[in-house]
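Colleague: I'd like to ask you about the structure that follows.
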Amino acid sequence: MEFWREVCMLRIGLVGAAGRMGQTLAAEVTATAGCALVAACERPGHAALGQDLGTLAGLGALGLTIGDDAAAVFRAADAVLDFTAPAATVAHARLAAAAGRILVVGTTGLKPEEDAELSAAATRAVIVQAPNMSVGVNLLVALTRRVAAILGTEYDIEIVEMHHKHKVDAPSGTALALGRAAAAGRGVVLESVADRGRDGLTGARKAGAIGFAALRGGDVVGEHTVIFAAPGERVELTHKATARGIFARGAVRAALWAHGKPAGRYDLADVLGLPRE
Ligand code: NAD
């Protein structure tokens, strides 16, 4: 019995383990059946080096010390979860390729040349990447495309999002992804129909427009609603995030799904079996 538990268990490593997502991931991995947390690292010089990851993350001691050797994490793990920074993620992708490991990338803001490095590494590693790792948000994107295609231009599409007061950009990246999905469902490009930031004497709504509204306040983690409004009825698709654990849950699910897959680049749509945007 113990032997089979050993061989069936996916060994997971964390890079950037002391970060906000790193600690959330530690909690998620330890709470998920079928995987085990085996190694963790941080950038050299980080204050958390030498500490027990479980103690740091408020989980109680796990007997897992945070080191500064990313290569050792890739040697010890079958899959590594990476929510760090673009330059670090590129280095981790090279290590994943060299070791033939799974790399789940949540890091955002990669430049095109950094993204190309991930593609190069994916010839020898399984790389799953998603700018939003929430299962619910990825489902919402796929549903939005499908509903937009079914309802057609008689239904006016408006996308409303709300985030905490510290967010500096608007509309959110997820709102724009929803807009792209809605536009794709109608067979148009978002940039040609997007209506952002209405104010003052705007004139009547343009036919076929996809409108955006951004609300900011308090500590809202993230809420998105896609409204399809027609004379006499309205369809609304909504997702509400209340905790960052949803991103960790998606990442762990991606790692478990990736086990045994051939080298290549994948995203959450692949993991969930959803049609591509
Ligand atoms: P954070 O700053 O709290 O954590 C990042 C951690 O990575 C830090 O502890 C940092 O020291 C560590 N790090 C940097 N370089 C490293 C290296 N070379 N080796 C090891 N560790 C290294 O940030 P966060 O809020 O946890 O977010 C991290 C990234 O994840 C950001 O890019 C953020 O946008 C992204 N993110 C993505 C999703 C998603 O669903 N895809 C969700 C939340 C955050």
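The values are calculated or read from the model by the stated rules, or taken from the named source; none is laboratory data. Bear in mind that the values here come from a model prediction, so they are computed numbers and not experimental data. FYI the Cβ positions are ideal-geometry reconstructions off the backbone, even for glycines, and counts take in every protein chain you see.
Colleague: Listed residues Val168, Val189, Val193; which is within 16 Å of the ligand (Cβ to nearest atom), more than 17 Å from the chain's Cα centre (by Cα) and without any contact (Cβ under 8 Å) to a residue 40 or more places away in the chain? Don't jump to the end; show me each part of the working.
Modeller: On the way: Val189 fails: within 16 Å of the ligand (Cβ to nearest atom); Val193 fails: within 16 Å of the ligand (Cβ to nearest atom).
Answer to the selection: Val168.
Colleague: Got a number for residues in region 9-40 being more than 9 Å from the ligand (Cβ to nearest atom), part of a loop (DSSP other than H, G, I, E, B), touching a residue at least 60 places away in the same chain (Cβ under 8 Å) and not β-branched (Val, Ile, Thr)?
Modeller: So the count comes out to 1.
Colleague: What do you reckon, is Ala254 assigned to a helix (DSSP H, G or I), in contact with a helix residue (DSSP H, G or I) (Cβ under 7 Å, 6 or more places away or on another chain) and surrounded by 14 or more Cβ atoms within 10 Å (Cβ to Cβ)?
Modeller: yes
Colleague: Would you mind telling me which numbered condition in (1) within 22 Å of the chain's Cα centre (by Cα); (2) crowded, with 22+ Cβ neighbours inside 10 Å Ala97 fails?
Modeller: (2)
Colleague: Looking at Thr174, Thr242, Thr225, which is the one that is buried (at least 17 other Cβ atoms within 10 Å of the Cβ), among the hydroxyl-bearing types (Ser, Thr, Tyr), within 25 Å of the chain's Cα centre (by Cα) and within 16 Å of the ligand (Cβ to nearest atom)?
Modeller: Thr174
Colleague: Still on this structure, I have one more. List the pairs whose first member sits in region 78-92 and is over 9 Å from Gly13 (Cβ atoms), whose second member is within 10 Å of the ligand (Cβ to nearest atom) and among the charged types (D, E, K, R), and whose Cβ atoms are under 9 Å apart, counting only residues at least 6 apart or on separate chains?
Modeller: Phe83/Arg20; Thr84/Arg43; Ala85/Arg43; Ala88/Arg43; Ala88/Asp82; Thr89/Asp82; His92/Asp82
Colleague: Could you go through region 147-155 and let me know if any residue there is of a type in the set (S, T, N, Q), in a loop (DSSP other than H, G, I, E, B) and not assigned by TED's automatic domain parsing to the domain that holds Gly173.
Modeller: no
Colleague: Would a scan of region 41-56 turn up a residue that is more than 10 Å from the ligand (Cβ to nearest atom), part of a loop (DSSP other than H, G, I, E, B), touching a residue at least 60 places away in the same chain (Cβ under 8 Å) and surrounded by fewer than 20 Cβ atoms within 10 Å (Cβ to Cβ)?
Modeller: No: zero hits.
Colleague: Starting from residues that are in a loop (DSSP other than H, G, I, E, B) and more than 16 Å from the ligand (Cβ to nearest atom), keep the ones in region 115-134 and report whichever is surrounded by the most Cβ atoms within 10 Å (Cβ to Cβ). Spell out the reasoning first.
Modeller: Let us first name the residues in region 115-134 that are in a loop (DSSP other than H, G, I, E, B), namely 122-125, 130-134.
This time we only want the ones that are more than 16 Å from the ligand (Cβ to nearest atom), so: 122-125.
Working: Ala122: 20, Thr123: 11, Arg124: 17, Ala125: 26.
Among them, the one singled out is Ala125.
Colleague: Can you work out which of the residues in region 62-102 that are in a loop (DSSP other than H, G, I, E, B) and touching a helix residue (DSSP H, G or I) at 6+ places or on another chain (Cβ under 7 Å) is farthest from the ligand (Cβ to nearest atom)?
Modeller: Here the answer is Leu62.
Colleague: Only one of Ala77, Ala93, Ala71 is among the aliphatic types (A, V, I, L, M) and touching a Lys or Arg at 6+ places or on another chain (Cβ under 9 Å); which?
Modeller: Numbers: Ala93 fails: touching a Lys or Arg at 6+ places or on another chain (Cβ under 9 Å); Ala71 fails: touching a Lys or Arg at 6+ places or on another chain (Cβ under 9 Å).
After applying the criteria, what remains is Ala77.
Colleague: On the basis of being at pLDDT below 95, assigned to a loop (DSSP other than H, G, I, E, B) and farther than 20 Å from Glu161 by Cα, does Pro275 make the cut?
Modeller: yes
Colleague: Exactly one condition in (1) in a strand (DSSP E or B); (2) under 30 Å from Gly13 (Cβ atoms) is false for Gly260; which is it?
Modeller: (1)
Colleague: Only one of these is β-branched (Val, Ile, Thr), near the ligand (Cβ under 10 Å from one of its atoms) and either touching a residue at least 40 places away in the same chain (Cβ under 8 Å) or outside the structural domain of Pro262 (by TED's automatic domain parsing) (or both): Val160, Val105, Val137. Name it.
Modeller: On the way: Val160 fails: near the ligand (Cβ under 10 Å from one of its atoms); Val105 fails: either touching a residue at least 40 places away in the same chain (Cβ under 8 Å) or outside the structural domain of Pro262 (by TED's automatic domain parsing) (or both).
Being β-branched (Val, Ile, Thr), near the ligand (Cβ under 10 Å from one of its atoms) and either touching a residue at least 40 places away in the same chain (Cβ under 8 Å) or outside the structural domain of Pro262 (by TED's automatic domain parsing) (or both) holds for just one of Val160, Val105, Val137, which is Val137.
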